[in-house]
Amino acid sequence: MIGNTLLWLSERQGVFEFIKRHGFSKKLAARFVAGETLDGAIAAVRSLNAHGISASLDLLGESVCDERQAESARDEVIGVLDRIAAAQLDANVSVKLTQMGLDIDSEVCVRNMCDVLSSARQHGIFVRIDMEGSTYTERTLRLFSERLHPEFGDVTGVVIQSYMRRSAGDVDELIEMQARVRLCKGAYAEPKEVAFQDRGEVSRSFATLLERLVERGNYPGIATHDDVLIDHTLAFVERKQIPSERFEFQMLYGVRRDLQDRLRRQGFNMRVYVPFGTQWYPYLMRRLAERPANIAFITMSVLKEAMFSK
Ligand SMILES: Cc1cc2nc3c(=O)[nH]c(=O)nc-3n(C[C@H](O)[C@H](O)[C@H](O)COP(=O)(O)OP(=O)(O)OC[C@H]3O[C@@H](n4cnc5c(N)ncnc54)[C@H](O)[C@@H]3O)c2cc1C
C-alpha cells in the first residue's frame with residue numbers, strides 16, 4: 001500500500017518541485033544517489049574500484065518529451081563515456097530509452113542511441129539499456145533486438161524484470177540471440193494482467209530465469225540484494241560447475257554494502273549501479289517504495305543533520 005503510494009508519487013513532478021523548494025533535497029537523495037555532478041559520481045566509482053567492485057554509471061533522467069532535451073541527455077551520456085575512458089575506470093553506463101526520446105518518436109530515440117553506442121564502441125565500453133514500466137517493455141525489446149543489437153552486438157544489452165509474466169519467453173529469445181541481459185525483479189507498479197503481484201511468484205520466476213541465463217546466456221548480470229536468490233545462484237553455479245567469470249552480481253549504490261564486499265571477497269564479479277544527476281526524484285521514490293523503512297531512516301538522518309548543523 002505505502003509502496004504503491006510512493007510509486008504513484010514518483011511520477012508527480014510537482015511533489016519534486018515542493019521538496020526542492022523546501023531545501024532538504026540533497027540530503028534526501030544522498031543515501032541512494034552519488035551526487036548531482038559527474039565529478040561526485042566519478043569519486044564514488046573510484047572508491048568502488050579500489051575495493052575491486054565495478055560500476056555502472058547512470059545519468060538520472062527519464063520521460064523526456066522535448067527533442068532538444070533528449071539530445072542534450074545523449075551528449076551528456078557521451079561525456080560520461082569519455083570521462084570513464086580518460087580516467088580508465090572499471091565502469092560501464094546504463095541509460096533509459098525515454099531519456100533518449102522514446103516518448104517523442106522511436107526514430108529520435110534510435111538516432112540518439114546510435115550516437116551513444118558508436119562512442120561506446122570506440123571506447124570499448126558497454127552500455128546497458130535499463131527497463132522501464134510495462135508500457136515500454138515491447139518497444140524497448142523490439143528496438144533492442146531489431147535495431148541496436150544487430151548493429152552494435154555486445155556493446156549493448158537489456159534488462160528483464162522477473163515480475164513480468166512475459167519474461168520467460170523474452171529470456172529464451174535473448175539467449176537465442178546471445179544478447180547480454182541484466183535480470184532484476186522490477187521496480188514499477190504494474191497491473192496483475194502483465195505482472196506477478198505475489199512476492200513468492202516474482203522470486204520463483206527470478207530463480208527460473210537466472211538458472212537459464214547463467215547456464216546458457218551471455219555474461220548475465222544477476223541484479224538483486226535478496227539473500228535467498230543470491231544463495232540460490234551460488235548453489236546453482238556450484239552444482240553445475242559454472243565458473244564465476246561467466247556472470248556478475250549487480251547491486252544498487254547505497255544498498256547492502258556488506259553483501260557487495262562479501263561476494264567480491266568470495267571471488268565473484270560485482271557491479272554497483274551508480275546513479276547521479278539532478279533528476280533523482282523518481283529514482284529515489286522507487287528505492288523508498290522497495291523498502292518503506294527507508295523513509296524513517298532517511299528522515300532521521302535529515303533531522304540529525306538539521307539539528308547538528310545549527
Ligand atoms: C543493478 C540493478 C539494476 C536495476 N535495474 C532495474 C531496471 O532496469 N528496471 C527495473 O524495473 N528495476 C531495476 N532494478 C531494481 C529491481 O527491479 C528491484 O526493484 C530492486 O533491486 C529490489 O529488489 P531485490 O531483488 O533487491 O529484492 P527485495 O526483495 O526488494 O529486497 C531484498 C533485500 O534487499 C535490501 N533492499 C532492496 N531494496 C532496497 C532499498 N531500496 N533500500 C534498502 N534495502 C533494500 C533489503 O535488505 C531487502 O530485504 C535494478 C536493481 C539493481 C540491483
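Summarise the accessible area of the stretch 33-279 (1.4 Å probe, protein heavy atoms) by the percent that is carbon and sulfur.
On the way: 4850 of 10500 Å².
The computed percentage sits at 46.
What does the convex hull of the Cα atoms of the stretch 151-219 come to per residue, in Å³, rounded to a whole number? Display every interim value, and only then the final one.
Numbers: hull volume 5.8 nm³, N = 69.
It comes to 84 Å³ per residue, whole-number rounded.
Bin by bin, in steps of 5 Å, what percent of the Cα pairs in the stretch 205-298 do you find, going until the bin that has the longest distance?
Cα pair-distance distribution for the stretch 205-298, in percent: 3, 11, 22, 22, 17, 12, 9, 4, 1.
Can you tell me the dipole magnitude for the stretch 33-279 around its Cα centre, using point charges on the Cβ only (Lys, Arg +1; Asp, Glu -1), in Debye to the nearest 20? Please report the intermediate quantities before stating the final value.
Values: 30 positive and 39 negative charges, 164 e Å.
My answer is approximately 780 debye.
Binning every alpha carbon pair distance of the chain at 10 Å from zero, what are the percents per bin?
6, 26, 38, 25, 5, 0
Given 108, 43, 279, which one lies farthest toward the positive end of the charge dipole of the chain, if we put +1 on the Cβ of every Lys and Arg and -1 on the Cβ of every Asp and Glu?
43
Just to confirm, what accessible area per residue do you get for the stretch 33-279 at 1.4 Å probe, in whole Å²?
43 Å²
So if I place +1 on the C-beta of Lys and Arg and -1 on the C-beta of Asp and Glu, and nothing else carries charge, what would the dipole magnitude of the stretch 98-211 be about its Cα centre? I want it in debye, nearest 20.
On the way: 14 positive and 19 negative charges, 59 e Å.
Around 280 debye, computed over the stretch 98-211.
Provide the gained length on full extension for the span residue 257 to residue 231, in nm with one decimal, where the gain is 0.36 nm per separating residue minus the Cα-Cα distance.
Working: separation 26, 0.36 × 26 = 9.36 nm, distance 1.66 nm.
Stretched out fully, the residue 257 to residue 231 stretch lengthens by 7.7 nm.
Around residue 180, which amide H atoms from residues at least 5 apart in sequence, or from another chain, sit under 5 Å from its own amide H, with H modelled in the peptide plane?
158
For the stretch 112-183 and the stretch 63-84, compute the distance between their C-alpha centroids and round to whole Å.
Rounded to whole Å, the Cα centres lie 18 Å apart.
Taking H as built 1.01 Å from N, whose amide H comes closer than 5 Å to the amide H of residue 91, not counting residues under 5 places away?
55
With θ set to phi - 60°, apply the Karplus curve 6.51 cos²θ - 1.76 cosθ + 1.60 along the stretch 227-243 and write out the HN-Hα couplings as whole Hz, x wherever there is a Gly or Pro.
Result, ordered by residue: 4, 5, 6, 5, 4, 4, 4, 4, 5, 5, 5, 5, 4, 8, 6, 8, x Hz.
The values are calculated or read from the model by the stated rules, or taken from the named source; none is laboratory data. Quick caveat: nothing in here was measured; it's all calculated off a predicted structure. Here Cβ is always computed from backbone atoms with ideal geometry, including for glycine, and neighbour counts include all displayed protein chains. Keep in mind that these areas ignore ligands, DNA and RNA; they rest on the heavy atoms of the full protein, side chains included. Shrake-Rupley method; radii C 1.70, N 1.55, O 1.52, S 1.80 Å.
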